[in-house]
1. Taking amide H positions as placed 1.01 Å from N in the peptide plane, with prolines and chain starts having none, which residues 5 or more places from S338, or on another chain, fall under 5 Å of its amide H?
2. For the chain, what is the relative contact order in percent, using Cα pairs closer than 8 Å and at least 6 residues apart in sequence?
3. What spacing in nm lies between the two simple spin-label points modelled at A254 and S333, each 7 Å away from Cα in the Cβ direction?
4. Just add up the charged neighbours of S354: K/R +1, D/E -1, any other residue whose Cβ is under 14 Å from the Cβ of S354.
5. Grab the beta carbon distance between T176 and V235, set R0 = 25 Å, and tell me the FRET efficiency rounded to 0.05.
6. For the chain, build the charge dipole from Cβ charges (+1 Lys, Arg; -1 Asp, Glu) around the Cα centre, then report which of G141, L240, Y129 sits farthest towards its positive end.
7. Seen from all sides and averaged, what is the projected area of the convex hull of the Cα atoms in the range 132-198, in nm²?
8. Which value, in debye to the nearest 20, gives the size of the charge dipole of the chain about its Cα centre, when Lys and Arg are +1 and Asp and Glu are -1 at the Cβ?
Amino acid sequence: MRRVLLLLCAGALACGPSESTAPAAVPELARKAGGPSPVTIVNLGLSGSGEDSQPWSINDGGSIVGLRGSWDEPFKAFLWSPDAPRATSGAVLDLPGLGPGEASAMSINNASQVVGYSLGASGSRAFLYDGAVHDLGLPDGWTSSYAHGINEGTPRIVVGAVERSAPSARAAAVWTVSAAGAGYSVSASGPLTGLGGAASEAFGVNGTGTVVGAADNAAGQQRPVRWAAGTLAPVELGVLAGHSQGYAYGINAAGTVVGHSAGSGCPVAVVWASGGTAPAALPGLGGCSSQARSINDAGDIAGYATRKRGGARAVIWRSSGAGYSVTELGSLSGSASSQATGLNEPVAVTGGTSVELVGWSTTGAQAHRATLWTVFRPAP
């Protein structure tokens, strides 16, 4: 089943996990990008001809999750584990799902708990994997569920959405997970209150339990939303002047939120300051479109931006004085475009710090190749 996952897919219960050793990831390119920060690009080797591999999240140890598979078959959720923390070689595990269809792994935390969703005979079901796969369950009256994010808090908070067809609706949802393995338990706190429209969805959550996503207002416009920790009361976030829609995708420990703002033209990557509702546009690469997907606690932001000539390129935004600077990360050789979807925290290395980003590089034939970028920042 050929699919490019942008926001949602559906997934499935595989008969069981299968493990293989991925080819050693060889750096294809090391170059200066956007100034003094060298960028190393690695092909993780998770897909071949007629296949896709699309990472969505990376934890601080360098473990990566996403979906992969043949264009002719349902995609599988995967967990790639490095041979050593932040190594560029490792082993890939195809995760069990909850049915015979497509499965997607969307987020991994530092406890190596993975969340996503899996397509079965009766619809999509949100899951958590911690060595065993757990169905997160459905509130009464809902028929499908999707998990997009999991935090580092105790207990764990998982966020996503639930869906039904009659009457048609999609609503942001939260699950609280306690313990793991034999002690695992889960309770649902959804659907969450939206903004008066028919749809909402949650994409990110921080350690305090503040949730971010998007919700339709009464006019049917998709607006970025922050649900307050504890009360989960919705706060509508603003969009740029002249825009009517937006999404919030990620939030860090300080409460800084990232996403995009859109109108009748291209989406623009934006950031909302902690506790604020006014967006600030992030710098681009000269093209029309950009999107911010993830932010770490150090304030680094992962996403993509288009160039004036050429396709989208994965980028990292970094706080620079009163604003942000943008660094183009490039793409694997033979690729037409790339985008970054997740990143981890910077660590100290000789002469500075290093941060990892994941995403994919897209060939001219629209094949997606799992890509790992390592960005070095010299000490001041």
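Just so you know, all these numbers are worked out from the coordinates, no wet-lab data involved. This is a predicted model, so every value here is computed, not measured. Note that we place each Cβ from the backbone using ideal geometry, even for glycine, and neighbour counts take in every protein chain shown.
1. When sequence neighbours closer than 5 places are left aside, the close amide H contacts are A312, R313, A314, T362.
2. Working: 1227 pairs, mean separation 50.7, N = 380.
The normalised contact order for the chain reaches 13 percent.
3. 3.9 nm
4. Numbers: positive: R86, R318, R377; negative: D60, D300, E345, E356.
So the surrounding residues net to -1.
5. Numbers: r = 21 Å, r/R0 = 0.83.
Step by step, r from the Cβ atoms, then E = 0.75.
6. In the chain, that residue is L240.
7. Numbers: hull surface 19.8 nm².
Result: a mean projected hull area of 5.0 nm².
8. So the magnitude is around 960 debye.
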